[in-house]
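Novice: Okay, handing you the structure first.
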Amino acid sequence: MYICLMPASVNVVYQTLKDLVNKDQQGFVTVDEFNNFAQVAQLRIFNRLFDQLKDGSRLERAGFGQGRDKSKFKQIHEDLAVFAKSQDVPKANGVYPRPSDFARLISISTAGSLLLGQTTRTVAEICYDEEKIERILSSTLNAPTQDFPVALVTGDIEVFPETIQKIKMRYYKIPQSFTTAATPVRSSEPPTYGVSSGTETFDSGNSFDFELPEHYTMDLVREIASLIGVNLRDGDVTAFAEKEQSERKTEQSF
């Protein structure tokens with residue numbers, strides 16, 4: 001079952017960051033600064049999730065992980081689910097090019113077809129070692145077949161046997177981009193704030209929230225502050241962000 005997580009509000013993150021910086025008299029966060037660093041902050045946190053996933057996996061294998069809903073491994077998988085995509089990829093010049101928004105690979109399978117209500121799709125073994133793939137291809141016992149395909153993942157992707165012409169790739173996409181324009185106006189990417197007659201305005205109709213779930217709001221505030229070169233007290237960040245989120249939820253309930 002897919003769990004729909006509320007995204008971190010771009011408005012809450014910006015207001016929290018701006019008010020905390022002003023409160024501590026550590027400078028002023030401009031619209032341009034926020035827009036410049038918002039995407040970098042989200043990408044940094046996104047990449048750190050994979051390191052945390054490895055740590056969580058090690059804890060689970062060692063028997064130290066918390067079970068069920070408290071499992072760190074499970075929580076991170078749920079957080080990353082919003083970035084998961086699947087795409088049919090045809091062969092081009094003997095290889096399968098990575099999608100333009102490709103970040104991390106999940107799995108590769110043959111495209112397959114439906115036969116008597118059953119799919120003939122087969123999951124490929126993933127290999128990242130060119131020396132190992134050469135041993136596999138030269139083996140008389142373990143050479144890849146249509147029923148047991150192998151995918152070599154390097155700059156592009158090769159799938160063996162070479163008679164396979166189309167694959168389905170599941171992967172984590174790169175988080176969406178943020179504009180660096182002072183007056184962003186777009187329909188498919190997440191603009192934040194505009195400046196009109198010297199006054200900041202938030203255009204909710206043309207704005208999109210972060211893709212990271214809402215519980216990363218404080219992490220985003222800290223990360224952007226760090227990128228700008230501002231040190232914030234964690235207690236203030238936590239208190240302010242919780243207050244903003246509470247007020248936002250109250251507004252949405254009416």
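Novice: Net charge around residue 147, counting only other residues with Cβ within less than 14 Å of its Cβ (Lys, Arg = +1; Asp, Glu = -1)?
Specialist: 0
Novice: Here is a further query. Run the simple label-point estimate for residue 203 and residue 51 please: 7 Å along Cα→C-beta, distance reported in nm.
Specialist: 3.7
Novice: Rounded to the nearest 20 debye, what is the charge dipole size of the range 102-173 about its Cα centre when +1 sits on each Lys and Arg Cβ and -1 on each Asp and Glu Cβ?
Specialist: 480
Novice: Just want to confirm a number: the relative contact order over the range 102-173, from Cα pairs under 8 angstrom separated by 6+ residues, in percent. Please report the intermediate quantities before stating the final value.
Specialist: Working: 113 pairs, mean separation 30.4, N = 72.
Relative contact order of the range 102-173: 42 percent.
Novice: Same structure, new question: Would you mind counting up the charge near residue 94? Only other residues with Cβ under 13 Å from its Cβ, with Lys and Arg at +1 and Asp and Glu at -1.
Specialist: Result for the neighbourhood of residue 94: -2.
Novice: How much FRET efficiency would the formula 1/(1 + (r/R0)^6) give for residue 5 and residue 138, where r is the Cβ-Cβ distance and R0 is 45 Å, rounded to 0.05? Write down the numbers at each step before the final one.
Specialist: Working: r = 47 Å, r/R0 = 1.04.
Using R0 = 45 Å, I get an efficiency of 0.45.
Novice: Still on this model: Of all the C-alpha pairs in the range 102-173, what % are more than 21 Å from each other? Show your work: numbers first, answer last.
Specialist: Working: 689 of 2556 pairs.
For the range 102-173, the fraction of Cα-Cα distances above 21 Å is 27 percent.
Novice: Multiply the residue gap between residue 148 and residue 170 by 0.36 nm, knock off their C-alpha separation, and tell me the result in nm, one decimal place.
Specialist: Values: separation 22, 0.36 × 22 = 7.92 nm, distance 1.80 nm.
The span from residue 148 to residue 170 would gain 6.1 nm if fully extended.
Novice: Can you order the peptides 138-146, 91-99 by their average number of other Cβ atoms within 10 Å per residue, highest first?
Specialist: Highest mean packing first, the order is 91-99, 138-146.
Novice: With a sphere of radius 14 Å drawn around the Cβ of residue 130, what net charge do the other residues whose Cβ falls strictly inside it have (Lys, Arg +1; Asp, Glu -1)?
Specialist: Result for the local shell: -3.
Novice: Another question, then. If we sort 14-21, 47-54 on the protection proxy, mean other Cβ atoms within 10 Å, highest first, what's the order?
Specialist: Per-residue Cβ counts within 10 Å, averaged per peptide and sorted highest first, yield 14-21, 47-54.
Novice: Further question: How many nm separate the modelled label positions at residue 125 and residue 72, each set 7 Å beyond the Cα in the direction of the Cβ?
Specialist: 3.2
Each value in this text was obtained by applying a stated rule to the coordinates, not by laboratory testing. Since this is a predicted model, take the numbers as computed values, not measurements. Heads up, the Cβs are rebuilt from the backbone with ideal geometry, glycines too, and the neighbour counts pull from every protein chain shown.
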